[in-house]
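To keep things clear, I will list the structure first and then write my remarks on it.
The values are calculated or read from the model by the stated rules, or taken from the named source; none is laboratory data. This is a predicted model, so every value here is computed, not measured. All Cβ positions, glycine included, derive from the backbone under ideal geometry; neighbour counts span all protein chains shown. Accessible surface areas use protein heavy atoms only, side chains included; no ligands, DNA or RNA. Shrake-Rupley method; radii C 1.70, N 1.55, O 1.52, S 1.80 Å.
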Amino acid sequence: MNLDITVIFDMDGILLDTEMIYMKAWEERAITTGLDVDDIKDMVLACTGTTSDMTRKIMIERLGSPEAYEEGLEFTREYFHKYINDNGIPVKKYARDILKYLHSNNIATGLASSTREAVVRQQMKDTGLYEYFSVILGGDNVVNGKPAPDIFLDCAKKLKAEPSNCYVIEDSFNGIKAAHAAGMHPVMVPDLRQPDDEIKGLAEVVLQDLNDVIKYFDKM
């Protein structure tokens, strides 16, 4: 196969099954503090795919105070680290398969996550996925996080790829909006949230899992 394309991945919810851990942590926080679970779930979904600064802003607004945010953050961090210590970092089904597929076909591959870059690099090393990426970027290295296109454009530039040749694999609404704004090909693989009509219109295709993405590339 000879495809003149570049592929850029999101991390949480696409390569790592970590979004569900954060969701469970915040649900537990809601239960223990008497908050409305549905409201908290909506809050977490609104933050999916955004930078830590944007997440902080959204959560303070939803929770009502910086103190409530900081207390919730400490609780959920402890929950997350305990889960990882007990179970390891969960890798999404077919994540290794698609990365091996792209590598074997000499397709340039980058990673552009809203998570801090140091965390991204460490988690990729811990899961054995680090070697598959020519470029890795974190959300702390861009002024405007997703849904702004900045991180994807920066990743494409470092990969020496034209945006119009880049396929972005994303699970979040903010990620799909960012990929579309960058003039790239947004490929959605939903995780916590199914696409609405707006996101379906922005995505080039919505696929069930990463194995379907492999099949999609095979047909090109």
Please report, for the Cα atoms of segment 1-128, the Rg to one decimal and the Dmax as a whole number; what are they, in angstrom?
-> 16.8, 56
Relative to the compact globular guide of 2.2 N^0.38 Å, what is the alpha carbon radius of gyration of segment 98-220, as a ratio?
-> 1.00
So how much slack lies between residue 216 and residue 197, counting 0.36 nm per residue of separation and subtracting their Cα-Cα distance, in nm?
-> 4.7 nm
Could you size up the charge dipole of segment 159-220 around its Cα centre, putting +1 on the beta carbon of Lys and Arg and -1 on that of Asp and Glu, and report it in debye to the nearest 20?
-> 180
Which value, in Å², gives the accessible area per residue of the chain when a 1.4 Å probe is used on the protein heavy atoms?
-> 49
In debye, nearest 20: dipole of the chain around its Cα centre with unit charges on the Cβ of K, R (+) and D, E (-)?
-> 740
Toward the positive end of the charge dipole of segment 48-159, about the Cα centre and with charges on Cβ (Lys, Arg +1; Asp, Glu -1), which of 98, 55, 114 goes farthest?
-> 98
Helix 37-47: angle to the longest alpha-carbon principal axis of the chain, degrees 0 to 90, nearest 10?
-> 40
Using Cα atoms only, what is the angle between the long axis of helix 52-63 and the major principal axis of the chain, expressed in degrees (0 to 90) to the nearest 10?
-> 40
re the chain: pairs of Cα atoms spaced beyond 33 Å account for a percent value of 13
Looking at the chain, which longest stretch skips every one of the trypsin sites (Lys or Arg not before Pro) that is in a DSSP loop with at most 10 other Cβ atoms within 10 Å, leaving the sites themselves out?
-> 1-159
Can you list, largest first and rounded to whole Å, the semi-axes you get for segment 118-186 by taking the square root of 5 times each eigenvalue of its Cα gyration tensor?
-> 20, 14, 12
Mean separation of Cα pairs under 8 Å and 6+ residues apart, divided by the residue count of the chain: what relative contact order is that in percent?
-> 25
Report in % the part of the accessible area of segment 24-70 that belongs to carbon and sulfur, leaving out ligands and nucleic acids; probe 1.4 Å.
-> 47
